[in-house]
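Here, each number is a calculation from the coordinates, and none is a lab measurement. In this text the structure is predicted, and so the values were computed from the model without any measurement. Neighbour counts are summed over all protein chains in view; Cβ atoms, including those assigned to glycine, are modelled from backbone coordinates with ideal geometry.
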Amino acid sequence: MILIEMKRGFKNIFLWILIAFFLVFNFLSIFENYAENDKKSEMSFMHSVMTGTGSSSAKDNQQKDEIALYSEVEKAYIDYKEQFSTLYDNLDMMKILKIKEAKTGYKPQGEYKNYIEKNYKKLQKRVEQIKKTNEYEGNFYPGNIYKTHGFLYGKLKRSLMIQTAIIMMLSVLYLLDYERINKTRDIVLASKRGRKVAIDKAVAGIMVGIIDSMLLMTLTYVYYFINVPYKNLWNTAVSAVVMAESRMQMTYPFITFGDMTERKYFIATVIVMILFIIAVGLCSVGIWFIFENSYFSFIFQCIIYLLMMTIITYSWCNFFDVIRLLINPVTLYCTGGGWFMENDMALSFANNEFYCLMVLFFEMGVLSATGYCKYRRRDK
Amino acid sequence: MIILLKELRKIFDIRLVIGIIVFTVLFYNMFMEITRHPCGGQCTDSSYDIPFAAKLVDEFGPKIEFDEWYKLENKEKQIEEKIEKEIAGNEILNSNGITTLKELYEKENELYEKGSLNENEKLLEKKIDEFTLYNEKTGKMFFELQHLENIKEFRGIIYGVSKKDVAKLDNRDAKRMTKQYVSLLPEGVLYIFNEDMKYMSALIIIISFVLICAYQIRERLSGVMPLYVSTKVGRKIFSVQLFASIIAVLIVSALQLGIYTLMYYPKGLAIFWSCENWSCARNSFLFDGISFGTYMFIFQMAVLMFCVFGAIFVYCIARLAENYIWGIIFSIICGTGMFFTVKNLTYEMFDYELNTGMSVYIKPIMIVIICVAMCLIAKIRINRDKARDIYQM
């Protein structure tokens, strides 16, 4: 039954049109940043400089010019690395914390203040570990110039989170509301098996949503990596100095909670994104069981997410901020560019993304179960 | 008429209306600059600039002639006297030899130009910053002084126009841009309005799709379409539905724009409606002879026109959707297209584009062309519906 429902979901041509639309949007965004005019050749050139794979012998004048340009860019890159090589020397996470508090006006009180300072002391130990193990070395696209991390894990990822969430909501709602729209609901609900079909539809909708979302993500990331080559750069640590980008008017490296290479970071990000959209799917299931109308369910969800985005900005400067962020479903979206690293002061502890997901799954699980109980009672 | 009213009742489903009200409040909170005002950063240095500009308009009127410049200078003197009183009462500054405003500025420059500072100098610099920027009382006065300086600095200058383009100006434009007075409208207010109109268009488009798609899809799913098509009177209902959709969007647009305009009162921005539509920092607007209030009205009418005629497009799209999910997908795709179109057409619509060579009228003309195109589409749609056959459902 699940396979039949999944087939039905995949046959919805307009969902494919929407995926194509989102894909064009993402391609345009990547093109604007990394492929427009000479940007693409600049990125490949930079890649060859970083990985030392530039040409070494000139056959004609054009290649001689290229070699001259290669040497120039190589020198500029070495100078950039040298300029940023001292970033870790005087890096003091407690000072970073004080500056952040001053800039944001966030003033934690009492035990909560001690808790945040304890987290930042752990981050300072992590800084010492990075220095000891030379994790800060490694080649990558200069962060402050190309902002590849900020784009890939910030802007692009946030767009993908919204797009995949919409796709998941529509996949689930399309299948769940199918019988009602086609006026076969009464026939389906007349039997015991028919009444349980809603569960199969929910599962099938989530599966279709995951597959469609993964397709969108795959094609987007493939286009990104075509324009921004990452070959031989996957083992560079995310905490490398060269990757550092300015944020909150400060330039300091990304201090990950654990040893994370670019490869591990990317895989972890994709896993969290997939889990997030599954949670969105569960939310859609729960809300549909309550409203039993795909249109109102979609609008209600959009309003709820917008409401959560509005209230996430209010803080109390105490432990309730941690709880508030963990229970808010849009926290992962808002902390988008800073997963698995020092980011929000209230969430300055390791694996906070997975804690957020756990709470999210709990909330959405309760919502789905409540919705289903209401749905079942209604049929009897 | 009765059918029109009944169709309007169908469109304004109470559940959707409640959802739209909640959505509007959240949308305003998240995207609209008017809600954030006064916050600084809206082409302003602080949250004090625009309220101070409002006080100036209240005191001196919407503009200040060059032969009335002494009024601004007197105001500046008043603020400087207040600051000097505060400096005299500040022990930390006094102990560092700062007793007047002039000494404060001199010390500030000295510390700024010095390469590296010792501990005492760093502390003094921090105290000066606190006094001039972060202290609520004295910081406000310094920002007010800065605002007055900005007005003085741009007096008589063709700001916003590059030197290369100045040569292109004919006598009429040169005369327009070098007036013998300065409008006291701050640039931040123009910024707030332009940014908000961009998001206002998005809000109205979203609401149009939400209302009209739900309405049309509900009609389709309830199975009344074949009934409509099978009689002459029934086929006429399609045109009534189209008009009802247009009227619904007109009501929504008028309400949204009206509420937005009314928000200028509690925010203290209504006082700028009498000012000429240009600021000292930006005098490249074509319609700078009219008041800001009139400019707001013309601009909002252009947005209203686009959204109301856009309702025809929304109606046609909604008619294509066979179920709610298709309707949502069509809304996302078409709504995004409409948003980008209206954003590009209305953003700084009447700004004098010297460097692009485009006529300043090109954007309003394109809006008119789009409205005419929508009328043609409506005509085609109505004719098709009149000749509709039941087998075409």
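Side notes on the structure shown:
- In terms of surrounding Cβ atoms within a 10 Å radius of their Cβ, B:ILE18, A:ILE17 rank from fewest to most as B:ILE18, A:ILE17.
- The label-point distance for B:LEU376 and B:VAL233, in a model that sets each label 7 Å from Cα toward Cβ, rounds to 3.6 nm.
- Across every pair of non-identical alpha carbons in chain B, the mean reciprocal distance, once inverted, gives a Kirkwood radius of 24.7 Å.
- Selected from A:LEU91, A:LEU275, A:LEU357 as most flexible by GNM, with chain A as the system and alpha-carbon contacts under 10 Å: A:LEU91
- Computed over chain A, the ratio Rg/Rh where both radii use C-alpha atoms and Rh is Kirkwood: 1.05
- Look at the stretch B:318-328: the mean tally of other chain Cβ atoms within 10 Å of its residues' Cβ atoms is 6.
- For segment A:115-125, Karplus couplings with θ = phi - 60° (6.51, -1.76, 1.60), whole Hz, Gly/Pro x: 4, 5, 5, 5, 4, 6, 5, 5, 5, 5, 5
- Distance from the C-alpha centroid of segment B:25-84 to that of segment A:247-302: 42 Å, rounded to the whole angstrom.
- Nonlocal amide H pairs with A:ASP259, under 5 Å, H built at 1.01 Å: none
- Subset of A:LYS147/B:LYS122; A:LYS81/A:LYS131; A:LYS118/A:LYS264 violating a 21 Å alpha-carbon distance limit: A:LYS147/B:LYS122; A:LYS118/A:LYS264
- Most mobile listed residue (A:LEU28, A:LEU160, A:LEU233) in chain A, GNM with C-alpha springs under 10 Å: A:LEU28
- Degrees separating the helix A:93-104 axis from the principal Cα axis of chain A, which is the longest one: 60 degrees
- Per the Cα gyration tensor, segment B:181-299 maps to an equivalent ellipsoid with semi-axes of 44, 13, 11 Å, ordered largest to smallest.
- Global form of the protein assembly as shown, assessed from the alpha-carbon gyration tensor, a/c cut-off 1.5: oblate
- Angle between chain A longest axis and helix A:61-84 axis [Cα atoms, degrees, rounded to 10]: 80 degrees
- Placed amide H near B:LEU184: partners under 5 Å, 5+ positions off or other chain: B:LYS63, B:ILE64, B:GLU276
- Reachable lysines from B:LYS75, criterion Cα separation under 23 angstrom, eight or more residues apart if same chain: B:LYS55, B:LYS63, B:LYS85, B:LYS102, B:LYS137, B:LYS140, B:LYS152, B:LYS179
- Ordered by the count of other Cβ atoms within 10 Å of each Cβ, fewest first, B:MET301, B:MET141 give B:MET301, B:MET141.
- Computed FRET value (nearest 0.05) for B:ARG15 with A:MET248, which takes r as the C-beta separation and R₀ as 45 Å: 0.60
- In a simple Cβ point-charge model (Lys, Arg +1; Asp, Glu -1; nothing else charged), chain A has a dipole of about 1780 debye relative to its Cα centre.
- Note on B:TRP326, B:TRP278, B:TRP69, B:TRP273: ascending count of other Cβ atoms within 10 Å places them as B:TRP69, B:TRP273, B:TRP326, B:TRP278, the fewest first.
- Alpha-carbon centroid distance for the pair segment A:304-318 / segment B:110-148, whole angstrom: 34 Å
- For chain B, built as a Gaussian network whose Cα springs stay under 10 Å, the top-fluctuating residue of B:ILE20, B:ILE205, B:ILE312: B:ILE20
- For segment A:327-380 versus segment A:77-120, the gap between their alpha-carbon centres in whole angstrom: 28 Å
- Each of B:PHE299, B:LEU320, B:THR231 was scored by the projection of its Cα onto the charge dipole of chain B, and the greatest displacement toward the positive side belongs to B:THR231; charges sit on the C-beta of Lys, Arg, Asp and Glu.
- The trypsin sites (Lys or Arg not before Pro) of segment A:192-268 meeting both criteria, a DSSP state outside H, G, I, E and B (loop) and at most 10 other C-beta atoms within 10 angstrom of the site's C-beta, are A:LYS231.
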